[in-house]
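So the structure is just underneath, and the comments pick up after that.
The values are calculated or read from the model by the stated rules, or taken from the named source; none is laboratory data. If you're wondering where the values come from, they're calculated on a predicted model, not measured in any experiment. Heads up, the Cβs are rebuilt from the backbone with ideal geometry, glycines too, and the neighbour counts pull from every protein chain shown.
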Amino acid sequence: MELTVIQNKVFTLRGYKVMLDFDLAEMYEVETKALKQAVKRNIERFPADFMFELTPTEMKNLRSQNVTSSWGGHRYMPYAFTEQGIAMLSSVLKSKKALQVNITIMRAFVMIRQHYLDSEELISRMERLEDEMQVKFIDIYEALGCLMESSQQDRPPIGFKQHES
């Protein structure tokens with residue numbers, strides 16, 4: 001499974017990077033119903049910061065972004081799993097496929113995190129550079145202002161004298 005496929009199934013909800021139960025079920029090659037049942041049997045392993053159920057509004061917003069084209073007319077809202085919840089899923093599902101997929105998903109989350117860190121570092125460096133350049137431009141404008149004022153008052157004009165014939 002390619003990391004980019006996984007990265008395209010990661011969303012930000014409630015301030016968490018999450019994946020939805022039906023996408024995970026597809027990757028783990030199990031039915032969504034079976035995944036949810038395994039979670040419910042081990043619900044103590046999934047606190048609110050590991051997994052939560054989407055609200056109808058959240059689901060509507062995701063659907064309007066064409067994110068959930070594979071979501072059908074299910075009666076229950078999907079579960080959203082954070083990185084820690086996905087890690088816990090591999091212990092609940094207990095299959096070789098779940099373990100392999102889980103490793104790939106964890107790598108995708110690491111890549112996403114690294115991308116954001118790199119972006120934040122670049123933004124920070126650009127802001128520092130802008131601040132430095134602003135200070136330098138202020139200094140240059142002040143120096144030019146001083147030169148313009150003093151050159152016109154204190155010195156005789158410079159240039160060639162024309163001889164009158």
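Observations on the model:
- Of the helices (runs of 4 or more DSSP H) lying entirely inside segment 2-57, those containing at least 3 residues that are closer than 22 Å to ILE112 by Cβ are 3-7, 21-28.
Residues are listed down the side, and each one gets a yes or a no for (1) in contact with a helix residue (DSSP H, G or I) (Cβ under 6 Å, 6 or more places away or on another chain); (2) surrounded by fewer than 20 Cβ atoms within 10 Å (Cβ to Cβ); (3) modelled with pLDDT of 85 or more:
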| position | (1), (2), (3) |
| --- | --- |
| GLY73 | no, yes, no |
| ALA80 | no, no, yes |
| VAL92 | yes, yes, no |
| GLN100 | no, yes, no |
| ARG113 | no, yes, no |
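- Total residues in segment 82-129, condition more than 23 Å from PRO47 (Cβ to Cβ) and in contact with an Asp or Glu (Cβ under 7 Å, 6 or more places away or on another chain): 1
- Among the residues here, LYS96 qualifies as at pLDDT below 90 and among the charged types (D, E, K, R).
- Residue pairs whose Cβ atoms lie under 9 Å apart, sitting 6 or more positions apart in sequence or on different chains, and linking a residue in segment 36-61 that is at positive phi to a partner that is assigned to a loop (DSSP other than H, G, I, E, B) and of a type in the set (Phe, Trp, Tyr), do not occur here.
This table checks each residue for (1) modelled with pLDDT under 75; (2) closer than 30 Å to PHE22 by Cα; (3) surrounded by 10 or more Cβ atoms within 10 Å (Cβ to Cβ); (4) not aromatic (Phe, Trp, Tyr).
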residue	(1), (2), (3), (4)
ALA108	no, yes, yes, yes
ALA143	no, no, yes, yes
LEU147	no, no, yes, yes
ILE158	yes, no, no, yes
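- Leading residue by the ranking (surrounded by the most Cβ atoms within 10 Å (Cβ to Cβ)) among those in segment 12-55 that are among the acidic types (Asp, Glu) and over 20 Å from the mean Cα position of the chain (by Cα): ASP21
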